[in-house]
Amino acid sequence: MEEASGMVVDGGVRGGALTTDERTAIAAAVNVVLYRCEVERTEGKMKAAARARRKVTALPSSGEGLDLGAVSDAVLHVCYAMGSGAFPRATSRWWVKRRTGGTWEDLRQCDDATDEYFRDKLRMSPHVICKIAETLSPYPQRRVTFYRVPLRPDHIVAYALYRWASGETYDSGTCSLDIGRASAITAVRDVTVALLAAYPDKISWPTSLQKAVVLRAFADKGFPTCHGCIDCTHIYVDKPANANGEDYCDRKRRFSVQAQVVVDMNLCVLDVFMGYPGNEHDMRMLHLSNLWERAESGQLFTGPHVMLPFAVRTNGYLLGDNGYPLSEWIVVPYGDLAQHPAEARFDNKHKMARGAVERAFGRLKGMWRLFLRTHNLKCNMDTLPQQFIVVCILHNILIDADIPFDDNHLWEVGPDGVRRRVDLGMHAPLRPVCMESSTCDALILRDALAERMGAQ
């Protein structure tokens, strides 16, 4: 060692100085030798104890009953096997909590795991879940650490779907999800990004083939060339930490974020815009959205024109409530107290057709109850809009897959024990928007539609 390390021997320097890696290797080798000697010494003691125990058991025993010597010998053998590493550890590290099967194991295809059980937990059938998980499998990142085995992509998808469907927060949902808070947050974030990347066109204006179906459905209700219904809903949230609380306090004095959605008669989401505080007016949300710019520039409705009574020509419009101004592409009801029979008939048909947006909100929030919570939702305000867009994508996927909706999701039992319908966050306008800004063409369009209904 002295010669190898370059130490002074007999007044001279012999050998070259060792590097740090060489010293580490020598130290490791010495530790291995010492450890091996200690193991052999321990094994020798245990073997000697085992031989002594055999001698005791070989002696004739008086009395009947349990042979304590044999039991002690078996215990020694088990201890020896455990000490030599014959039995594997239950966990890689004692401070790492073991994962149990929990919800995911219950969702495996077993004899008692029916389609109804899947729909109750994840809102979709096993076939649809597998299809989504297969589509998203390239996107979720599998992070390998020294403490846990990474979650599989299908597990990540299942955990995110369960959070959105159950409405549980990260704190209250840890036991049900059978993963930690950090893993749950990571799963929701990964699935959100993956769904936005895998289904970029799932929320879009209908194509030529789809548009024919949409237009026919509204025409059967008395509204030719109608492309959809528009309205806003409130997502109740906790008071934002870094923002003025009054901006997020809506008419009901609750903190919320507004979401503007356009749906067709089949309840599919065609356009969604979200993220602004709950005290914003519906008209203000419309002006801030990309929908307003596209409609005003003529990019939203590009189909052929249809001739209506009074020589009115139109190629597309939306149905809205009195919270929106009457325009050439948004048709609102008359809403007068003393109405002409033609106006009353128009308002009734308008209400029936525009009920599609209320049914869409009921299905959307009833399926994904995280956004139906009547008490404040603690969430990241930066990721909330993306998560709501993602559940709108899932909403359209389930409609395309013909997944039925249970109307019982729209009812809940309150603290007083009374069963009532859930609050969908749709606030009726206090008063109609002033019609002074409405153009003459917008007024004539509504009158022409009312006249057409009377003629039919």
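Here, each number is a calculation from the coordinates, and none is a lab measurement. Everything quoted here is computed from the prediction, not taken from an experiment. Counting neighbours? That spans all protein chains shown, and the Cβs are built from the backbone with ideal geometry, glycine included.
At-a-glance table
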quantity	calculated
Linear extension gain, GLU451 paired with CYS249, 0.36 nm per residue minus alpha-carbon span	68.6 nm
Inter-label distance, nm, simple model (7 Å from Cα along the C-beta direction), ARG359/GLU40	8.4
Cβ-based exposure ranking for TRP368, TRP329, TRP411, in which fewest neighbours within 10 Å come first	TRP411, TRP329, TRP368
Residues with amide H under 5 Å from that of ASP231, placed H, sequence gap 5 or more	VAL261
Full-extension gain in nm, ALA48 to ILE26, via 0.36 nm per residue minus C-alpha separation	4.6 nm
Length added when fully stretched, VAL418-ARG313, from 0.36 nm per residue minus Cα-Cα	32.7 nm
Estimated FRET transfer efficiency when R0 is 45 angstrom, pair ALA212-ASP120 (beta carbons, to 0.05)	0.80
Loop chymotrypsin sites (Phe, Trp or Tyr not before Pro), segment 245-274 (other Cβ atoms within 10 Å of the site Cβ: 11 or fewer; DSSP)	none
Total charge dipole magnitude, segment 208-455, about the Cα centre, Cβ charges on Lys, Arg, Asp, Glu only, Debye to nearest 20	500
Relative exposure of THR233, THR42, judged by other C-beta atoms within 10 Å (fewest first)	THR42, THR233
Pairwise label distance in nanometres, ALA219 with LEU288, each label 7 Å out on the Cα-Cβ vector	3.7
Kirkwood hydrodynamic radius of segment 208-455, Cα pairs, Å	19.1
At most 16 other Cβ within 10 Å, DSSP loop - trypsin sites (Lys or Arg not before Pro), segment 189-258	ARG251, LYS252, ARG253
Cross-link pairs beyond the 22 Å C-alpha cut-off, checked among LYS131/LYS202; LYS121/LYS239; LYS121/LYS365; LYS211/LYS365	LYS121/LYS239; LYS211/LYS365
Footprinting exposure proxy for LEU308, LEU286 (fewest neighbouring C-beta atoms within 10 Å first)	LEU308, LEU286
